[in-house]
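Novice: Quick one: this structure, given as structure tokens, is what I'll be asking you about.
The values are calculated or read from the model by the stated rules, or taken from the named source; none is laboratory data. In this text the structure is predicted, and so the values were computed from the model without any measurement. All accessible areas refer to the heavy atoms of the entire protein, side chains included, with ligands and DNA or RNA removed. Shrake-Rupley method; radii C 1.70, N 1.55, O 1.52, S 1.80 Å.
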Amino acid sequence: MAKTQLGARVDNEVVELAKARAKDHGLSLGDYIAHLVREDVDGLRARGLDAARRFLDEHQALFDEAEDADTAPGAHAA
């Protein structure tokens with residue numbers, strides 16, 4: 001996979017923390033940052049799917065009623 005060099009300005013404290021955590025994980029700083037971004041995106045996706053699942057669990061009856069009304073005899077009388 002091609003890689004792009006990024007430049008970012010962060011506090012020195014953040015740089016040192018990031019370097020230390022990258023080392024703890026056995027990763028380069030760039031790979032550690034990429035890992036954090038992927039983890040954030042995957043977490044966002046999971047939270048979105050969970051929210052959709054909760055919405056459907058709460059409102060499924062309304063969707064079922066609407067579907068039943070669309071397939072009832074005479075529902076599409078023209």
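Novice: Any idea what angle helix 12-24 forms with the longest principal axis of the chain, computed on alpha-carbon atoms, 0 to 90 degrees, nearest 10?
Specialist: 80
Novice: Hey, another quick one. With every protein chain kept in place and ligands, DNA and RNA left out, what is the accessible area per residue of segment 16-59? Probe 1.4 Å, answer in Å².
Specialist: Normalised by residue count, the accessible surface of segment 16-59 is 82 Å².
Novice: Ignoring ligands, DNA and RNA, what percent of the accessible area of the chain is carbon or sulfur (1.4 Å)? Write out the running numbers ahead of the final one.
Specialist: Details: 4050 of 7200 Å².
Result for the chain: 56 percent of the exposed heavy-atom area is carbon or sulfur.
Novice: Go through (1) -0.78; (2) -0.50; (3) -0.65 and flag the label whose value is the computed log10 I(q)/I(0) by the Debye sum over Cα atoms at q = 0.16 Å⁻¹ for this structure.
Specialist: (1)
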